[in-house]
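Peer 1: The following block contains the structure, expressed as structure tokens.
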Amino acid sequence: MIGRSGNPALKDSTFLDLSSGAVVQRDSEAMTLNGTVNKTGMLLLLCVITAAFAWSQVQFTETGSVGAMPYILGGAIGGLVFAIATIVKKEWAPVTAPLYALTEGFFLGAISAIFEHRFPGIVMQAVMLTFGTLFALLFAYRSGLIKATENFKLGVVAATGGIALVYLASFVLSFFDVRVPFIHESGLIGIGFSLFVVVIAALNLVLDFDFIESGVEQNAPKYMEWYGAFGLMVTLVWLYVEFLRLLSKLQSRD
């Protein structure tokens, strides 16, 4: 069965009671839309706080950046650990989701500082594009302009999986000093690839909205507000990073 989201943190089985296979029901203390929105805002704030700190710690010399790598590696690894913990034990989300946001902030702050040093103004552009895309797609989803049909979900999930495989192959091949041609370059193919990835990341937001709405309708337990907010954060982080990559390729051509 195809899940509601290409995001591995958000799928239909998340709302299933593992003992009976039935949707978990709670008459009180149930998941609400407002609660999920509020918790998403909290996670974003935590991420911004640590991102600002990491940004301030990165220094630049004539030979490159200083102090960025510990935040990049620590944030990426820590974020991955807390993301896996949240997905495996969703009941831990009230604790692990904020920890994910904090550690991911270190990663984002450090790489943002590097991108900003090389391409002044790029971070603000990426932030505006990320949140502009979020609100535009939220409006389109709520107004019915975009509907998360089964065919829509199938296409987005398949494309997301394909992108993940390409990135994984690129990462593994890098250990053997082999680069996947074109996709990381600023040529037309590289820009086209990044644009495609941005579109798929953005469409995952629609599936995330649908997933969260489903949880609210099914009276999922209260802690699922944190889980839904965490899943949305995962997509937003991916979208922001891809906007940085796309904008950097475009500016490299100037």
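The values are calculated or read from the model by the stated rules, or taken from the named source; none is laboratory data. All of these numbers come straight from a predicted model, not from anything done at the bench. Every residue, glycine among them, receives a Cβ derived from its backbone with ideal geometry; neighbour counts consider all protein chains shown. Side chains included, ligands, DNA and RNA excluded: accessible areas come from the protein's heavy atoms. Shrake-Rupley method; radii C 1.70, N 1.55, O 1.52, S 1.80 Å.
Peer 1: Checking the condition open to solvent by less than 40 Å² (accessible area, probe 1.4 Å), modelled with pLDDT under 95, of a type outside the set (A, V, I, L, M, F, W, C) and in a helix (DSSP H, G or I), which residue from Thr86, Thr40, Thr14, Thr50 passes?
Peer 2: Among Thr86, Thr40, Thr14, Thr50, only Thr14 is open to solvent by less than 40 Å² (accessible area, probe 1.4 Å), modelled with pLDDT under 95, of a type outside the set (A, V, I, L, M, F, W, C) and in a helix (DSSP H, G or I).
Peer 1: Let me ask you something else. State all residues of region 212-232 that are open to solvent by 10 Å² or more (accessible area, probe 1.4 Å) and polar (S, T, N, Q); if no residue qualifies, say none.
Peer 2: Within region 212-232, Gln218, Asn219 meet the criteria.
Peer 1: Moving to a separate point now. Just to be sure I understand, how many residues within region 134-150 are part of a loop (DSSP other than H, G, I, E, B) and either in contact with a Pro (Cβ under 8 Å, 6 or more places away or on another chain) or of a type outside the set (Gly, Ala, Ser) (or both)?
Peer 2: The number of residues fulfilling the criteria is 4.
Peer 1: Sticking with this structure for a sec: Considering every residue within region 191-212, establish whether at least one is out of contact with any helix residue (DSSP H, G or I) (no Cβ under 8 Å at 6 or more places or on another chain), in a loop (DSSP other than H, G, I, E, B) and over 25 Å from Gly75 (Cα atoms).
Peer 2: Scanning region 191-212 turns up no residue that is out of contact with any helix residue (DSSP H, G or I) (no Cβ under 8 Å at 6 or more places or on another chain), in a loop (DSSP other than H, G, I, E, B) and over 25 Å from Gly75 (Cα atoms).
Peer 1: Considering only residues that are open to solvent by 40 Å² or more (accessible area, probe 1.4 Å), outside any helix (DSSP H, G or I) and touching a helix residue (DSSP H, G or I) at 6+ places or on another chain (Cβ under 6 Å), which ones fall in region 53-72?
Peer 2: Phe60, Ser65
Peer 1: Restricting to region 17-37, name every residue that is at pLDDT 55 or above, part of a loop (DSSP other than H, G, I, E, B) and surrounded by fewer than 15 Cβ atoms within 10 Å (Cβ to Cβ).
Peer 2: Within region 17-37, Ser28, Glu29 qualify.
Peer 1: Let me ask you something else. Among Gly75, Gly162, which is within 16 Å of the chain's Cα centre (by Cα) and assigned to a helix (DSSP H, G or I)?
Peer 2: Unique residue meeting the criteria: Gly75.
Peer 1: Could you tell me which residue of region 91-118 is nearest to Leu244 (Cα to Cα), considering only residues that are crowded, with 19+ Cβ neighbours inside 10 Å and either modelled with pLDDT under 95 or among the small types (Gly, Ala, Ser) (or both)?
Peer 2: Per the stated criteria, the residue is Ser112.
Peer 1: So if I check each of Val199, Val172, which one is open to solvent by 20 Å² or more (accessible area, probe 1.4 Å) and modelled with pLDDT of 95 or more?
Peer 2: Residue meeting the stated conditions: Val199.
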